[in-house]
Structure formats: C-alpha cells, structure tokens
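Below: one structure, written as structure tokens.
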Amino acid sequence: MAISPASASPVVLADQLVVRAAVSAFLGRYRGQTRVHTESDLRVFLRWCAEHGLDPLAAARVDIERYVRWLQTSAGTSTRRGMGAYGVAEVRHASVTHNSS
C-alpha cells in the first residue's frame with residue numbers, strides 16, 4: 001500500500017527518508033553484483049518489517065533473529081539474506097553512537 005503525499009504525515013515521510021539514508025549508507029560500501037544482491041536482501045527485510053509493523057531502524061536483535069528464522073522457513077531463501085538486516089542495524093547503531101558523541 002503506497003502512501004500518498006497528501007495523506008502522509010510529515011513524521012512518516014521523515015522516517016522514510018531516514019531509512020533510505022541508512023540503506024544508502026550501507027549499500028555505499030558494495031559494488032557490482034554484491035551490491036545488487038545486498039539491495040535485494042534489504043528489500044525483503046524492509047518488506048518483512050512493514051508487514052510486521054516494525055521500524056527497521058529500531059529493530060532489536062530479537063527482531064532480526066525472528067526475521068532470520070522466517071527466512072529459514074520460507075521456501076527458496078537462505079540465511080544469507082539475513083545479513084542485510086544485520087547491516088542496516090549496524091549502520092543505525094553506528095549513526096546513533098556517532099551522533100551521541
């Protein structure tokens with residue numbers, strides 16, 4: 001379900017920008033096919049978060065472990081996809097740590 005600009009609150013739009021910035025920062029360290037696959041993995045994670053009402057940048061370890069278990073029980077997926085989720089969490093935690101210094 002897409003959010004139209006007229007009905008979206010400024011907070012939701014700001015949160016989306018923060019998620020996009022975190023994903024971009026994380027993907028910036030990859031090139032070529034690694035980047036393509038990691039971006040695909042992140043799309044799966046972000047979709048899973050949306051379906052579960054979870055802010056991907058607020059995901060705790062237990063949330064990521066639930067996601068990885070979900071991946072393991074989903075047909076045709078591998079645990080490799082879970083690494084993107086750990087990466088976004090890593091970028092978020094590094095950002096929070098850096099900003100609080």
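Computed from the coordinates by the stated procedures, all read-outs in this text should not be read as laboratory data. This is a predicted model, so every value here is computed, not measured. FYI the Cβ positions are ideal-geometry reconstructions off the backbone, even for glycines, and counts take in every protein chain you see.
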Once R0 is set to 25 Å, what does the formula 1/(1 + (r/R0)^6) return for the Cβ-Cβ distance between R35 and V62, expressed as a FRET efficiency to the nearest 0.05?
0.30
Along the Cα→Cβ direction, 7 angstrom out, place labels at R47 and A14. What is the inter-label distance in nm?
3.0 nm
